[in-house]
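The values are calculated or read from the model by the stated rules, or taken from the named source; none is laboratory data. Keep in mind the model is a prediction, meaning the values are calculated, not measured. Note that we place each Cβ from the backbone using ideal geometry, even for glycine, and neighbour counts take in every protein chain shown. All accessible areas refer to the heavy atoms of the entire protein, side chains included, with ligands and DNA or RNA removed. Shrake-Rupley method; radii C 1.70, N 1.55, O 1.52, S 1.80 Å.
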Amino acid sequence: MTTETIPDSAWGQLSQPIHSGAPTTDAPWRDNAFLAFWDPGQDLFGVAHVSTSPNAEGRRARFSVVLAGQAMELIEPLERGSFSSEHIGFDVANNTVTVDAPGLKADLAMTPRFVCADYSPTGLIPDLVADVPLRHFQQGADISGQLTLGSERVTVTGQGWRDRSWGPRDESAAWAEYVAVVACLPDFDLTVMKFRAMDDKRTTHGFLMYPDHTVTVTGMDLRRDGSGLVNGAVLTTADEQTLTMHMQSARGGLWVPMGAGGPPPTFSAYDDAADIELDGQTGAGFSEQGILRLL
């Protein structure tokens, strides 16, 4: 594999290029880039997600958007070693997402907010292959640009959440269930994930992200609504803070295609966009919850 040189970018590892060459293992190797974005003032939220692999099925580009209740989703195949499909481009070097398809156009720029969260050394995401860790980075973003859905054209001025990962990865083999919550708030950003492994072991890790440091989140006690969707949580931190989070207004959600499809086991995940209140501050974000379906 290529070396892990940090690109010359304000985004650091989030701008890491696709890792060319043969994997060091027969396990599925995936290079993924992800952006969840929202502009609550225009009732807009969406997801851009690209996943390529030199040795596994399920390579795809996806752009899903909901604007004032109008929804459209574009899913296209990806070639090996590319984050650009026929109509969707995720440029990790120039930090842009572009879409040019009938009825859907987007030109979005991503600017980093606070410091980056590095999940790689935490051990939270189980390694599929011994001594070949999955590298995983996240960071909040300010999002700007233009988006056209049907006849509606808007100037986007919002926030979002960027994710970049690479390494051996097979969701159906690694996890039984998980929940992730990300949010952008005025003074800090939040990311926290909770996993249940195949042996029922449960682990939580996350970060409060500030301009020059992070605070580790060590616990997430979830709250759910009557349909089972996350609508809040109590968070605990390594410096002994207890923070109560409320997800006040669910703006809607999107299913997440993760694998190649076919007979179970199949991992099934769902993104839910919402207004979020935490520690007296209000902002917005996404929760994602996934579970391994065996039937």
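Starting from region 17-93, pick out the GluC sites (Glu not before Pro) whose DSSP state is loop and whose Cβ has at most 12 other Cβ atoms within 10 Å. Could you put the intermediate results ahead of the total?
Values: sites: Glu57, Glu73, Glu79, Glu86; in loops: Glu57, Glu79, Glu86.
Sparse-neighbourhood loop GluC sites (Glu not before Pro): Glu57, Glu79, Glu86.
How large is the convex hull of the Cα atoms of region 60-168 per residue, expressed in Å³ as a whole number?
127 Å³
What per residue convex hull volume, in Å³, do the alpha-carbon atoms of the chain yield?
Numbers: hull volume 38.8 nm³, N = 295.
Considering the Cα atoms of the chain, their hull volume per residue is 132 Å³.
Excluding ligands, DNA and RNA, what is the solvent-accessible area per residue of region 1-155 at a probe of 1.4 Å, expressed in Å²? Intermediate values should be presented prior to the final figure.
Working: 6600 Å² over 155 residues.
Computed with neighbouring chains in place, this is 43 Å² per residue.
Please check: in the Gaussian network model of the chain (C-alpha springs, under 10 Å), which one of Thr266, Thr96, Thr122 has the largest mean-square fluctuation.
In the Gaussian network model the winner is Thr122.
Would you be so kind as to identify which of Trp29, Gly46, Phe90 lies farthest towards the positive end of the dipole of the chain, taking Lys and Arg as +1 and Asp and Glu as -1 on Cβ and the Cα centre as origin?
Value computed over the given set: Trp29.
To the nearest 20 debye, what is the magnitude of the charge dipole of the chain about its Cα centre, counting +1 on the Cβ of each Lys and Arg and -1 on the Cβ of each Asp and Glu?
Numbers: 20 positive and 38 negative charges, 97 e Å.
So the dipole magnitude of the chain works out to roughly 460 debye.
Using only helices, what value at 222 nm comes out for the chain when you add -39,500 (n - 2.57) per DSSP H run of length 4 or more and divide by the total residues, to the nearest 500 deg cm²/dmol?
On the way: 1 runs with 4 residues, N = 295.
When only DSSP H runs of four or more count, the value is 0 deg cm²/dmol.
When the chain is fully extended, how far beyond the present Cα-Cα distance does Thr242 get from Asp127, taking 0.36 nm per residue of separation?
Working: separation 115, 0.36 × 115 = 41.40 nm, distance 2.97 nm.
That pair, Thr242 and Asp127, stretches by 38.4 nm at full extension.
Please state, as a whole number in µm²/s, the translational diffusion coefficient that the Stokes-Einstein equation yields for region 136-262 at 20 °C and 1.002 mPa s, with Rh defined as the Kirkwood radius across alpha carbon pairs.
Working: Rh = 17.0 Å.
So the translational diffusion coefficient is about 126 µm²/s.
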